[in-house]
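The values are calculated or read from the model by the stated rules, or taken from the named source; none is laboratory data. Because the structure is a prediction, the values reported are computed rather than measured. Every residue, glycine among them, receives a Cβ derived from its backbone with ideal geometry; neighbour counts consider all protein chains shown. For accessibility, only protein heavy atoms count, side chains too; no ligands or nucleic acids. Shrake-Rupley method; radii C 1.70, N 1.55, O 1.52, S 1.80 Å.
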Amino acid sequence: MYRREPVLGVVYEPLTDRLFVSAIGEGARCNHRPMQVKSNPNIVKGNIGWIQGHKVQNDQRAVKLRQFIDLKFKRMMRLWAPTLQWCMLAKGDIDGIVLYNSEGDDLYSGILMVKEAGGIVIDFDGNPFTGMKEEPYLIACHPDNKEELLQIVREGYIVRES
């Protein structure tokens, strides 16, 4: 981090011997191969990562949004290592990420990975995400899928409040 912005991200996945590296302005790579976030013209038939903070595991708003997303997409995944989800999005292996108030500085290496691979990271209001936030609520995807994924998250909030 430099001035509260990620500038270098390094993630090693020992089970597959994959090294993910991103540096501001230099792109993102997996084992020296460039990575690119992929567009999905039918994102609801895609795979979405869900990342939720430990301190909000029992938050009813989070539970309802997670259930809504789980029913809306072909597959929703939750990993024990959320940073790997960011790398999967950067590599084009999943179609998006919805993050609900997840804490931890390792989050920022993943955000840089996605941005350097051509993806976008926005908050739940649709604003570009920069810097660091104590309680982030984020959506990450290919720019082509921004509006549809944002709309689905907003629908989930309407369901959540009823």
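If the condition is being outside any loop (DSSP other than H, G, I, E, B) and over 11 Å from Leu112 (Cα atoms), then the stretch 21-34 contributes Arg29, Cys30, Arg33, Pro34. Counting only residues that are outside any strand (DSSP E or B), among the β-branched types (Val, Ile, Thr) and farther than 19 Å from Leu19 by Cβ, the stretch 106-137 holds 1 of them. Note on the stretch 119-143: residues that are in contact with a Pro (Cβ under 8 Å, 6 or more places away or on another chain) and over 19 Å from Gly53 (Cα atoms) amount to 2. Those residues that are among the hydrophobic types (A, V, I, L, M, F, W, C) and surrounded by 13 or more Cβ atoms within 10 Å (Cβ to Cβ), I need them from the stretch 1-18; list them, please. Within the stretch 1-18, Met1, Val7, Leu8, Val11 qualify.
Within the stretch 113-138, being modelled with pLDDT of 90 or more, among the aliphatic types (A, V, I, L, M) and surrounded by fewer than 23 Cβ atoms within 10 Å (Cβ to Cβ) holds for Ile120, Val121, Ile122, Leu138.
Filtering the stretch 64-87 to residues that are open to solvent by less than 40 Å² (accessible area, probe 1.4 Å) and of a type in the set (S, T, N, Q) leaves Thr83, Gln85. When the residues of the stretch 47-94 are filtered to those that are closer than 19 Å to Tyr12 by Cβ and of a type in the set (Phe, Trp, Tyr), the one that is modelled with the lowest pLDDT is Trp80. Close Cβ contacts (under 8 Å, 6 or more residues apart or on different chains) running from residues in the stretch 103-130 that are on the phi > 0 side of the Ramachandran plot to residues that are open to solvent by 10 Å² or more (accessible area, probe 1.4 Å) and in a loop (DSSP other than H, G, I, E, B) comprise Gly118/Gln36; Gly118/His142.
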